[in-house]
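One structure is given below, encoded as C-alpha cells.
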C-alpha cells in the first residue's frame, strides 16, 4: 500500500476510534486486552496507557527490554505534542534518523519518530491521552493498539487495518 494511502487510513483510524468516555476502568480493560494478546502471541512489548496528566495502565511483557519504556515515553510525548498517531507522523515526516527537523526544536531524548503511540480521543473533549506500545516493528506496534481499540469500541477492524508491508 502506498504511503499516501496508509496516511489516509491512519487518519480514518484516528477519526473513527473515538471513545464516548475514557477513565481508569476503560484504560484497564484495553491494557489488559493488549497484555492478554501479548502473552498469547509472545509479543515482547510494554504497554503504557495514560491521560496527559497521569498514568493509568502499564505492563511489561516477557522479552521486552530496558529501552522499551523509554521508546514508549518518547512516543507519548509526540502524541501529546501533535495530537495524532506516531506512525502517521513517521509516514508524514519520512525521516530515517527518527528525529524531527531541526526547526521543530524537539530533542531526540524526549521525542522520537516511531510508530506505536495512538491518541486517546473522547467525543466532545478531543485528545486527552495516549496508548503506547513498544517492542515490535513500528507498524506492528501501531496495529496492536488499533486492534485493541476496534475490539473495545465494537468496530470491525477489517476496514481499519493496515495491510502488512509485504502486501
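FYI, it's all coordinate maths here, none of it is from the lab. Bear in mind that the values here come from a model prediction, so they are computed numbers and not experimental data. Here the Cβ positions follow ideal geometry from the backbone for every residue, glycine too, while neighbour counts run over all protein chains shown.
Some points to look at:
- Whether the range 99-162 is rounded, prolate or oblate, judged on the alpha carbon gyration tensor where a/c under 1.5 counts as rounded: oblate
- Rough spin-label spacing in nm, given labels placed 7 Å along Cα→Cβ, for residue 147 and residue 8: 2.6
- Distance between the 7 Å Cα→Cβ label points at residue 66 and residue 42: 2.5 nm.
- Placing pseudo-labels 7 Å out from each Cα toward the beta carbon at residue 101 and residue 24 gives an inter-label distance of 4.3 nm.
- Rounded Å value of the spacing that divides the Cα centres of the range 120-134 and the range 17-52: 12
- Two-decimal ratio, the chain, of alpha-carbon radius of gyration to 2.2 N^0.38 Å: 0.95
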